[in-house]
1. Looking at (1) touching an Asp or Glu at 6+ places or on another chain (Cβ under 9 Å); (2) more than 18 Å from residue 278 (Cα to Cα), can you tell me which one residue 319 breaks?
2. Under the condition of being touching a Cys at 6+ places or on another chain (Cβ under 8 Å) and among the aromatic types (Phe, Trp, Tyr), which residue from the stretch 182-236 is surrounded by the fewest Cβ atoms within 10 Å (Cβ to Cβ)?
3. Output the number of residues of the stretch 303-321 satisfying the condition of being more than 16 Å from residue 374 (Cβ to Cβ), at pLDDT 95 or above and in a loop (DSSP other than H, G, I, E, B).
4. Do we have any residue at all in the stretch 343-357 that's of a type in the set (Ser, Thr, Tyr), in contact (Cβ under 8 Å) with a residue 24 or more places away in the chain and under 15 Å from residue 376 (Cβ atoms)?
5. Output the strands (runs of 3 or more DSSP E) that fall wholly within the stretch 85-124 and possess 1 or more residues being surrounded by 24 or more Cβ atoms within 10 Å (Cβ to Cβ), or say none.
6. Cβ-Cβ under 8 Å, sequence separation 6+ or interchain: first residue in the stretch 156-180 and on the phi > 0 side of the Ramachandran plot and at pLDDT below 95, partner part of a strand (DSSP E or B) and small (Gly, Ala, Ser). Which pairs?
Amino acid sequence: MNARISKNLAISSPWLFAALIALAIQPLLAQAQSYKVLYSFTKNSTAGQYPSSPLVRDPQGNLYGVALGGTFGRGIIFKVSSAGDEQVLYSFNGSDGDGDVPDSMSFRDAAGNLFGTTFQGGAYSYGNVFKLDPQGRETVLYSFCPQTPCTDGTFPGGVIPGKNGALYGITYAGGNFSCNITGCGTVFKINRDGHLTLLHAFGGEDGDYPNAGLVLDASNNAHGTTQWGGAYGRGAVFKVTSSGNETVEYSFEGGGDGAYPNGGLVQDAEGNLYGTAYQGGTYNYGTIFKITASGEFTVLYSFPGGKSGANPYADLNLDQQGNIFGVTSAGGTHNFGIVFKLDASGKETILHNFVAEPDGVHPSGLIIDASGNLYGTTYQGGKHNYGSVFEVVP
């Protein structure tokens, strides 16, 4: 199992159990007009198994992602066409500086190059940032921890494009080892020539264990979340400027505001940030929150558990009408999680209840196309219980 997913499930297990036996069952609000499994991974491990990262979509409707398995058992980059045909674009070999356990398919540029990270592997076994060109050639852009201690970070978790071709990202650990024995994680920038600049090393009170990717605002400031740390030890939202100055935008207290934000942030045209907290809220099943450009924090929704979902943990998406879309890891009719929509009035609509086989279990974050259709992966479930790629038409 992917190390990132394992970490999340280990943290969530007591609350997942609570969600399964919760007595506060809420009415089912709505069911999707259309849910379709585009592809189910099979027992043939060379074709990939257990996808755990959000997808990337090209203008032709092809979907790209990462999964475990492959020719060498170190993970793959895959493509699923709009017709549901899967193709392995690259198999990681885990040696000679190559990656191991791909953790993120981050984005696709205008030239068709794919960018992402591996949780392990690379020249020093602490993960790397990679590029895959349209011809299937992989280039390692950076391997983490070239010298001890690993002040640049260890175990990267996704990158995003910035100005002048630079890449911005986080590592789950490494950086400042006075924080703890594994380090509290970092925010970094990589230039086109592969040079890494350490923008910030977390120290605990300013955040600990960033567990999701970043979002850049119009001023090139990077915003993100840490699962732990902050003033109360229950996670934080942070901002890091291009010059490396870090500000804690919000520290979760663990009550009605939420606790342990696992997912990243999404930003609207006005600069407001939206995210989820895995626990806390009115019912202790997690929250959806908003931080305005001026820094005001608001809880938009508290998950009640039961059929209305529990424990959101992945990145959100926004449509042009301001509706918020996401997934939960638990709750729903079958207790395998849901796909949900939250409108501007704070009303939740359930778009899909996951049903394990042949459907899916442990959904990843969603992506949204220009028509408002949603796409994602499930780590398990599907026709063969090795995960799936799905589409939801709200």
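The values are calculated or read from the model by the stated rules, or taken from the named source; none is laboratory data. Keep in mind that what you see is a predicted model, and the values were worked out from it rather than measured. Backbone-built Cβ (ideal geometry, glycine too); neighbour counts: all protein chains shown.
1. It is condition (1) that residue 319 fails.
2. Residue satisfying both the conditions and the ranking: 209.
3. The total comes to 3.
4. Scanning the stretch 343-357 turns up no residue that is of a type in the set (Ser, Thr, Tyr), in contact (Cβ under 8 Å) with a residue 24 or more places away in the chain and under 15 Å from residue 376 (Cβ atoms).
5. Strands (runs of 3 or more DSSP E) meeting the threshold: 99-108, 114-121.
6. Correct list of pairs: 158/104; 158/106; 158/116; 158/169.
So that you can scan it fast, the table gives a plain yes or no per residue for (1) in contact with a strand residue (DSSP E or B) (Cβ under 6 Å, 6 or more places away or on another chain); (2) closer than 16 Å to residue 157 by Cα:
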{"position": "188", "(1), (2)": "yes, yes"}
{"position": "207", "(1), (2)": "yes, yes"}
{"position": "248", "(1), (2)": "yes, no"}
{"position": "251", "(1), (2)": "yes, no"}
{"position": "271", "(1), (2)": "no, no"}
